[in-house]
């Protein structure tokens, strides 16, 4: 009886240890899905106008924002989430600078 209980306990430990990598891989898949939604190359060229309209929707400088956003989107194939900031999600969009060294993309 003691051997059976020891075997059962060992089996439960092995099963619980095996569950951890499976759960971690599912979390990695979900994280990759979220990142691929906004990362470099996540858009097609025809999606740029709608994504830039979303990005520039709350600015008072709508026309220049749209111009530069679409230019950046065509090059990087991504537009960061939100209306401002979050550029780290799209390194190409974040790192493209003007001649003076300021950010090119809104």
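The values are calculated or read from the model by the stated rules, or taken from the named source; none is laboratory data. Computed from a prediction, not measured in an experiment: that's the story for all the values here. Virtual Cβ from ideal backbone geometry, glycine too; neighbours counted across all protein chains shown.
Below are the figures for this structure:
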quantity: Residue in region 24-46 that is at pLDDT 55 or above and farther than 18 Å from residue 73 by Cα present; calculated: no
quantity: Unique residue being within 19 Å of residue 42 (Cα to Cα), touching a residue at least 24 places away in the same chain (Cβ under 8 Å) and over 18 Å from the mean Cα position of the chain (by Cα) when the list is 83, 68; calculated: 68
